[in-house]
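The values are calculated or read from the model by the stated rules, or taken from the named source; none is laboratory data. Note that the coordinates shown come from a computational prediction; the quantities given were computed from them, not determined experimentally. Here the Cβ positions follow ideal geometry from the backbone for every residue, glycine too, while neighbour counts run over all protein chains shown.
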Amino acid sequence: MTEAARGWLALQQDLGGDEVILDRPMVATPAASGWRKGAPPIPGPGMVITLPQLAFGGEPAWESLETVAAAIAECRRCPLCEGRTKTVPGEGNPSARLMLVGEGPGENEDLSGRPFVGRAGELLDKILALIEAPRETVFIANVVKCRPPKNRAPLPDEREACRPYLRRQIELVKPKVLLALGSTAAEALLGVKKPLIELRNRVHRWDGIPLIITYHPAALLRNPNWKRPAWDDVRIARQLIDSDS
């Protein structure tokens, strides 16, 4: 077994995988890249929830992700701008099939201007690698684009101030699947306030785009028991990406 294969198997086990198949070649296809036997199927029609998309009236028609980022850099819509070092507009493939939405920048992100660059980002990169969607192939953004004080959850008015930016980013990327990381992202995209456990394990829709809800990587670092359900969530997202619908 190669060192790469050993590393892959160790990472699979760390993320909750419990079956190892050694009687077939390690090839870069979904069937042989961490898809544990007994993986949950894509939820059927009876489990699909479609919620009305929130309206944004009178916002500028930013024509590209670059113009959105430029607007964010100059933004003073809410008090978060007073304490920021750098804005964190998001980054990635402008034509990504998978778009991830987190809560907001932390200390490392505020200093670098990039999303998910600390320990939580390292874990997210590992998870994305396992579903063959490395960081450079996806687009990653946050609900708010400036760091809340002491990494607290964004307040409703702060989320509202950033909402036009996130919406336009989704419209420009046109992802096939959205993956919301944590309850704040789920609430911002769905417009509902419910426990994460009630929102997981089903397909929601944002303006027709399939939306999967899962745990924030920082939460997985605090509670490793959530790694298995998070692993199931991201595999559902992978299945949706690969589906014909």
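Glu66 passes all but one of (1) assigned to a loop (DSSP other than H, G, I, E, B); (2) among the charged types (D, E, K, R); (3) at pLDDT 95 or above; which number fails?
(1)
When residues of the stretch 69-96 are filtered for being in a loop (DSSP other than H, G, I, E, B) and among the hydrophobic types (A, V, I, L, M, F, W, C), how many remain?
Going through the stretch 69-96 one residue at a time, the tally reaches 4.
When you go through Asn142, Asn201 one by one, which is the residue that is at positive phi and in contact with a Pro (Cβ under 9 Å, 6 or more places away or on another chain)?
Checking each option against the conditions leaves just Asn201.
Here are the criteria: (1) exposed (fewer than 15 other Cβ atoms within 10 Å of the Cβ); (2) of a type in the set (Asp, Glu); (3) more than 30 Å from Arg228 (Cβ to Cβ). Tell me which single one Glu158 does not satisfy.
Here Glu158 meets the rest and fails (1).
Among the residues of the stretch 97-110, are any modelled with pLDDT of 95 or more, assigned to a loop (DSSP other than H, G, I, E, B), touching a Gly at 6+ places or on another chain (Cβ under 8 Å) and surrounded by fewer than 20 Cβ atoms within 10 Å (Cβ to Cβ)?
For the stretch 97-110, residues modelled with pLDDT of 95 or more, assigned to a loop (DSSP other than H, G, I, E, B), touching a Gly at 6+ places or on another chain (Cβ under 8 Å) and surrounded by fewer than 20 Cβ atoms within 10 Å (Cβ to Cβ): absent.
Within the stretch 124-149, count every residue that is out of contact with any Phe, Trp or Tyr (no Cβ under 6 Å at 6 or more places or on another chain), assigned to a helix (DSSP H, G or I) and within 20 Å of Leu196 (Cα to Cα).
1
From the list Thr184, Thr214, which one is modelled with pLDDT of 95 or more, over 22 Å from Asn93 (Cα atoms) and β-branched (Val, Ile, Thr)?
Of the residues listed, the single one that is modelled with pLDDT of 95 or more, over 22 Å from Asn93 (Cα atoms) and β-branched (Val, Ile, Thr) is Thr184.
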